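Everything on this sheet refers to the single structure shown next.
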Amino acid sequence: MSAIATTSGQVPAAMAAQEAATAGQYLTFVLGGEMYALGILNIKEIIAYGELTEVPMMPSFVRGVINLRGSVVPVIDLMARFGKGSTRIAKRTGIVIVETGADSDDKQQDIGIIVDAVNEVVDIGQQEIEPPPSFGTGIRPDFINGMAKRNGRFVILLNVNSVLSVDEMAALSKAGDYRPLASD
């Protein structure tokens, strides 16, 4: 056992790319009946769902853009991004404005995500966080930083920089996974 530990100084590629969730404050929200959370430091603000301007030739999960105090902010449908259909708009539907790419200032981008309902900000301790499962969550493993147990229920801790990767979304846009514009 110690031979493995001393000779294996490298972390497997799959684990190296995966950021581990850390203790801290998280904004919890509901999406398709599941509870998700994002680190509060990535959250810029929460707004009510309003009219979106659809943009042609965008991937199917990009619902459109909004004008947020003079800035154009793309709005992503997380349900569609996870490959689970579109989010149905209801009374409690909101848009969470998230700051992505905080590691590199040149690629910092505000992106809105549509959620069924925003719940609350919770403190999650390190002892409550489990590593993400390798299968069975219904979304890509690189989208998940960890799983937290709260009130007898699992909360999926999302990796905001993977889920909302501007580079990946641009590549998908070029690949041609388009949503037709709604006709009035």
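Read-outs throughout are calculated quantities, based only on the coordinates presented, and are distinct from any laboratory measurement. The model shown is predicted, which means the values in this text are computed figures rather than measured ones. Note that each Cβ is placed from the backbone with ideal geometry, even for glycine, and that neighbours are counted across all protein chains shown.
Below, the figures for the structure above:
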read-out	value
Relative contact order (percent, whole number), segment 23-175, Cα cutoff 8 Å, 6+ residue spacing	27 percent
Estimated FRET transfer efficiency when R0 is 25 angstrom, pair SER60-PHE154 (beta carbons, to 0.05)	0.35
THR53, THR100, THR93 arranged by Cβ crowding within 10 Å, fewest neighbours leading	THR53, THR93, THR100
Value of Rg to Rh for segment 23-175 (Rh from inverse mean 1/r over Cα pairs, i.e. Kirkwood)	0.94
Label-to-label distance, nm, for residues given as GLU168 and ILE47 (7 Å Cα→Cβ offset)	2.5 nm
Virtual spin-label span in nm between GLN126 and THR22, 7 Å along Cα→Cβ	1.0 nm
GluC sites (Glu not before Pro) restricted to segment 33-100 and DSSP loop, no more than 16 other C-beta within 10 Å	GLU51, GLU54
